[in-house]
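> What follows is a single structure, and I will ask about it in a moment.
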2 protein chains.
Amino acid sequence: MEVCFTPQMVSLFDLRKSAVVVIDVYRATSAITAALASGVKEVIPVGTVEEAKAYKAKGFLAAAERKGAVVKGFDLGNSPIALSQAEHKGKSIVLTTSNGTKALLKTEGAKEVIIASFLNEQAVVNYLAEHHNNVIFLCAGWKDRFNLEDTAVAGAISRGLEAKGWHTHCDSALAAMHLFDIAKDRMPEFMKNASHTTRLGHLGLSDDLAFCNRRNEYNIVPVYENGTIRLK
Amino acid sequence: MEVCFTPQMVSLFDLRKSAVVVIDVYRATSAITAALASGVKEVIPVGTVEEAKAYKAKGFLAAAERKGAVVKGFDLGNSPIALSQAEHKGKSIVLTTSNGTKALLKTEGAKEVIIASFLNEQAVVNYLAEHHNNVIFLCAGWKDRFNLEDTAVAGAISRGLEAKGWHTHCDSALAAMHLFDIAKDRMPEFMKNASHTTRLGHLGLSDDLAFCNRRNEYNIVPVYENGTIRLK
């Protein structure tokens with residue numbers, strides 16, 4: 001188990017021998033998980049707003065977020081509540097976000113790429129324990145900086161794997177587990193001071209944040225393969 | 001207060017408005033602190049073994065460490081015990097290390113560059129509170145990766161500054177403080193699993209590590225200025 005705190009650091013890790021678990025809990029990977037759990041057929045992550053626009057022009061349902069807000073010209077951003085509405089059932093959604101999709105596009109070479117959030121942490125633990133023997137958590141962070149919330153998810157899943165006999169000498173993973181231990185029984189309070197909570201709270205997204213803090217709401221494992229995310 | 005976990009991330013921080021506190025507690029900044037506290041006149045950090053050799057050829061006392069060991073051809077590495085021997089009193093020591101000096105050389109533009117370790121954490125707290133109003137902790141890490149021990153020192157000093165009315169919204173600083181809270185009353189146990197402790201323990205450096213874990217042994221503040229480190 002290793003934890004890569006930000007996409008900028010990914011070159012320090014050897015992805016080829018590992019499953020890579022991408023985490024952007026506020027809100028991209030929570031939104032992807034909620035959307036697929038609600039019957040969306042697939043989520044296609046793209047790096048730029050321009051690509052999302054091109055898909056939209058071709059008739060795709062497209063969602064775009066920058067700086068926490070829905071990008072002008074789009075009806076959807078990365079709200080897990082909005083993306084999991086029943087009307088999207090069976091559809092493909094193209095998604096670009098500030099940090100999460102950027103992280104996803106840096107996973108080339110990994111044995112398998114898995115999408116995680118608090119919403120599906122135990123499902124990811126079980127899946128990793130069954131199908132893999134090593135994992136690198138790739139936290140999306142914020143503009144290449146470390147953030148508390150993605151690290152806490154990595155810590156939660158690491159503790160779950162530890163309970164299944166996995167272990168680590170990676171200091172980032174040890175730190176993530178310690179931080180999760182502190183956070184787990186007082187999540188909203190722990191996250192209160194985190195920079196991203198403050199940032200999104202100011203944008204009126206408190207309902208989304210509360211949704212993203214729910215643990216094990218879904219027993220599903222989204223996997224990113226050949227440019228698209230579907231349920232395994 | 002902000003914490004930069006590794007030298008690789010330093011470009012994400014604006015050093016110009018801040019004091020920068022460099023931390024490589026196992027062992028470069030502990031060694032520098034102990035040496036200056038013991039009467040060494042100055043420590044001149046250099047980036048490469050070749051530069052250290054050139055200084056040595058000119059008659060300087062030179063110390064070089066790579067991968068935890070003294071580099072062949074040198075009598076000293078970065079052991080705080082060795083560098084603080086009485087025989088070095090009044091001398092200049094040229095020093096190159098795997099991670100610590102590399103971090104020091106990435107501080108260009110900072111308002112002031114301060115050297116910290118557990119050995120002088122309270123002295124650094126007091127100095128920062130008196131002379132500065134912002135600080136970026138630059139942790140040396142290990143080969144550009146995050147490490148627990150440097151982060152714990154950053155957390156210790158951050159908690160000290162918090163007690164003096166400073167505050168932060170930097171997630172890295174919040175994480176560092178949480179990790180220090182966990183570590184402070186059981187430092188050897190907390191550090192036991194850390195990758196670097198394992199690495200150095202295998203090299204027979206347990207005495208050095210125990211020395212580096214001592215808190216507030218010295219009431220001094222080493223400052224790096226014009227290519228050399230001296231007491232302020």
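Conditions tested, residue by residue: (1) closer than 21 Å to A:A152 by Cα; (2) away from chain A (no Cβ under 14 Å); (3) touching a strand residue (DSSP E or B) at 6+ places or on another chain (Cβ under 6 Å).
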| site | (1), (2), (3) |
| --- | --- |
| B:L119 | no, yes, no |
| B:A129 | no, yes, no |
| B:A154 | yes, no, yes |
| B:E162 | no, no, no |
| B:T168 | yes, no, no |
| B:A173 | yes, no, yes |
| B:I182 | yes, no, no |
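> Could you check how many residues of segment A:65-78 are assigned to a loop (DSSP other than H, G, I, E, B) and surrounded by fewer than 23 Cβ atoms within 10 Å (Cβ to Cβ)?
Final tally of qualifying residues: 7.
> Out of the residues in segment A:131-145 meeting the condition of being surrounded by fewer than 21 Cβ atoms within 10 Å (Cβ to Cβ) and away from every other protein chain (no Cβ under 14 Å), tell me which one is farthest from B:Q8 (Cα to Cα).
Among residues in segment A:131-145 that are surrounded by fewer than 21 Cβ atoms within 10 Å (Cβ to Cβ) and away from every other protein chain (no Cβ under 14 Å), the one farthest from B:Q8 (Cα to Cα) is A:H131.
> Tell me, which strands (runs of 3 or more DSSP E) lie completely within segment B:134-232 with 3 or more residues that are of a type in the set (D, E) and modelled with pLDDT under 95?
none
> (1) crowded, with 23+ Cβ neighbours inside 10 Å; (2) within 20 Å of B:L12 (Cβ to Cβ); (3) modelled with pLDDT of 95 or more: which one isn't true of B:L128, the others all being true?
It is condition (2) that B:L128 fails.
> If you check B:S30, B:S11, B:S38, which single one turns out to be under 16 Å from B:I114 (Cα atoms) and out of contact with any strand residue (DSSP E or B) (no Cβ under 8 Å at 6 or more places or on another chain)?
None of the other options fit; the residue is B:S30.
> Whether any residue in segment B:23-35 is surrounded by 24 or more Cβ atoms within 10 Å (Cβ to Cβ) and among the aromatic types (F, W, Y) is what I want to check.
yes
> Being more than 20 Å from the chain's Cα centre (by Cα) and on the phi < 0 side of the Ramachandran plot is the filter here, so list the residues in segment A:150-173 that pass it.
A:E162, A:A163, A:K164, A:W166, A:H167, A:T168, A:H169, A:C170, A:D171
> What is the residue count in segment B:60-80 for residues that are in contact (Cβ under 8 Å) with a residue 40 or more places away in the chain and touching a helix residue (DSSP H, G or I) at 6+ places or on another chain (Cβ under 7 Å)? Give the steps one after another, and end with the answer.
Step one: of segment B:60-80, the residues in contact (Cβ under 8 Å) with a residue 40 or more places away in the chain are B:68-69, B:78-80.
Filter once more, so that each one left must be touching a helix residue (DSSP H, G or I) at 6+ places or on another chain (Cβ under 7 Å): B:68, B:78-80.
So the answer is 4.
> Quick one: which residue in A:A103, A:A69, A:A86 is out of contact with any Lys or Arg (no Cβ under 7 Å at 6 or more places or on another chain) and more than 20 Å from A:E51 (Cβ to Cβ)?
On the way: A:A103 fails: more than 20 Å from A:E51 (Cβ to Cβ); A:A69 fails: more than 20 Å from A:E51 (Cβ to Cβ).
It is A:A86.
> If only one of A:A62, A:A19 is modelled with pLDDT of 95 or more and crowded, with 24+ Cβ neighbours inside 10 Å, which one is it?
Every option except A:A62 fails the conditions.
> Which one is surrounded by the fewest Cβ atoms within 10 Å (Cβ to Cβ) among residues in segment A:164-192 that are aliphatic (A, V, I, L, M) and touching a residue at least 12 places away in the same chain (Cβ under 8 Å)?
Per the stated criteria, the residue is A:M187.
> Something else about it: Could you list, in sequence order, all residues of segment B:184-207 that are more than 8 Å from every other protein chain (Cβ to nearest Cβ) and among the hydrophobic types (A, V, I, L, M, F, W, C)?
Of the residues in segment B:184-207, the ones more than 8 Å from every other protein chain (Cβ to nearest Cβ) are B:184-192, B:197, B:199-207.
If the condition is that a residue be more than 8 Å from every other protein chain (Cβ to nearest Cβ) and among the hydrophobic types (A, V, I, L, M, F, W, C), then B:M187, B:F190, B:M191, B:L200, B:L203, B:L205 are the ones that fit.
> What are the pairs, 6+ residues apart or on separate chains, where a residue within segment A:215-231 that is surrounded by 15 or more Cβ atoms within 10 Å (Cβ to Cβ) has its Cβ under 9 Å from a residue that is modelled with pLDDT under 95 and part of a loop (DSSP other than H, G, I, E, B)?
Between residues of segment A:215-231 that are surrounded by 15 or more Cβ atoms within 10 Å (Cβ to Cβ) and residues that are modelled with pLDDT under 95 and part of a loop (DSSP other than H, G, I, E, B), the close pairs are A:I220/A:K232; A:V221/A:K232; A:P222/A:K232; A:V223/A:K232.
> Condition test on A:L148, is it surrounded by 18 or more Cβ atoms within 10 Å (Cβ to Cβ), out of contact with any helix residue (DSSP H, G or I) (no Cβ under 8 Å at 6 or more places or on another chain) and of a type in the set (A, V, I, L, M, F, W, C)?
So A:L148 fails the test.
> I've got another one for you. Count, please, the residues in segment A:82-93 that happen to be closer than 22 Å to A:Y224 by Cβ and surrounded by fewer than 21 Cβ atoms within 10 Å (Cβ to Cβ).
So the first thing to find is which residues in segment A:82-93 are closer than 22 Å to A:Y224 by Cβ, and the list is A:82-84, A:88-93.
Filter once more, so that each one left must be surrounded by fewer than 21 Cβ atoms within 10 Å (Cβ to Cβ): A:82, A:88-92.
Residues that pass the stated criteria total 6.
> With the requirement that a residue be more than 18 Å from the chain's Cα centre (by Cα), of a type in the set (D, E) and over 15 Å from B:K106 (Cα atoms), what does segment B:11-56 give you?
Matches in segment B:11-56: B:E50, B:E51.
> Select from segment A:37-59 the residues that are part of a helix (DSSP H, G or I), touching a residue at least 24 places away in the same chain (Cβ under 8 Å) and surrounded by fewer than 24 Cβ atoms within 10 Å (Cβ to Cβ) and list them in ascending order.
A:A37, A:V49, A:E51, A:Y55, A:K56
> Something else about it: Please count how many residues of segment A:106-140 are among the polar types (S, T, N, Q) and touching a Lys or Arg at 6+ places or on another chain (Cβ under 7 Å).
Final tally of qualifying residues: 1.
> Of everything in segment B:6-36, what is in a loop (DSSP other than H, G, I, E, B), more than 12 Å from every other protein chain (Cβ to nearest Cβ) and not basic (K, R)? Give them in sequence order.
B:D14, B:S18, B:D24, B:V25
The values are calculated or read from the model by the stated rules, or taken from the named source; none is laboratory data. Because the structure is predicted, anything quoted here is derived from the model rather than measured. Cβ coordinates were reconstructed from backbone atoms using ideal geometry, including for glycine residues, and neighbour counts include every protein chain displayed.
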